[in-house]
Amino acid sequence: MAPKIKLQRIGTAKQKLGGAVVEVLGIYHPRQTPTLFEVKSDKVLEWIKRGAQPTERVRTLLGKAGILPAVDFSQRIKRKTKKAKEAGEAATAAPAAPAAPAAAPEEGKEAAA
């Protein structure tokens, strides 16, 4: 399995997340104004050559920074809204009502043609 290039959360001591870190390639702080995104581009490209895969969010940020080709958002698959998901689940869960049987003509009566 290829290693993932992920963002490291920056915050207070209570918000720190555990996890094995092989190498810190930069920092990202989205709540700072303006947003702080500093990355070592040579190290990122080196890890990608080794087979590491950036997560979707990191891939977008690397495209905006000009390190990788920009992401084409027109080809991305849009997520369904919660209402659309519920409507789709309800449609598949409800079985279709059986069609009413066709009325057979009674004997002795001829169909007018």
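Please go through segment 40-56 and give me each residue that is within 23 Å of Met1 (Cβ to Cβ) and either hydrophobic (A, V, I, L, M, F, W, C) or surrounded by fewer than 12 Cβ atoms within 10 Å (Cβ to Cβ) (or both), ordered by number. Scanning segment 40-56 gives Val44, Leu45, Trp47, Ile48, Lys49, Arg50, Gly51, Ala52, Glu56.
Yes or no: Ala70 surrounded by 10 or more Cβ atoms within 10 Å (Cβ to Cβ), modelled with pLDDT of 80 or more, of a type in the set (A, V, I, L, M, F, W, C) and in contact with a strand residue (DSSP E or B) (Cβ under 7 Å, 6 or more places away or on another chain)? Against the criterion (surrounded by 10 or more Cβ atoms within 10 Å (Cβ to Cβ), modelled with pLDDT of 80 or more, of a type in the set (A, V, I, L, M, F, W, C) and in contact with a strand residue (DSSP E or B) (Cβ under 7 Å, 6 or more places away or on another chain)), Ala70 does not qualify. Do we have Ala87 as more than 17 Å from the chain's Cα centre (by Cα) and at pLDDT below 75 here? No: the conditions fail for Ala87. Looking across Lys80, Lys64, one residue alone is surrounded by 11 or more Cβ atoms within 10 Å (Cβ to Cβ) and either farther than 28 Å from Asp42 by Cβ or at pLDDT below 70 (or both). It is Lys80. Total residues in segment 15-37 satisfying the condition of being over 24 Å from Ala52 (Cα atoms) and either among the hydroxyl-bearing types (Ser, Thr, Tyr) or modelled with pLDDT under 60 (or both): the figure is 3. Here the condition is being of a type outside the set (Val, Ile, Thr) and modelled with pLDDT of 85 or more; of Gly11, Gly51, it holds for Gly51 alone.
The values are calculated or read from the model by the stated rules, or taken from the named source; none is laboratory data. The structure displayed is predicted, hence computed values, not measured ones. Reconstructed Cβ throughout: ideal geometry from the backbone, glycine too, with neighbour counts over all protein chains shown.
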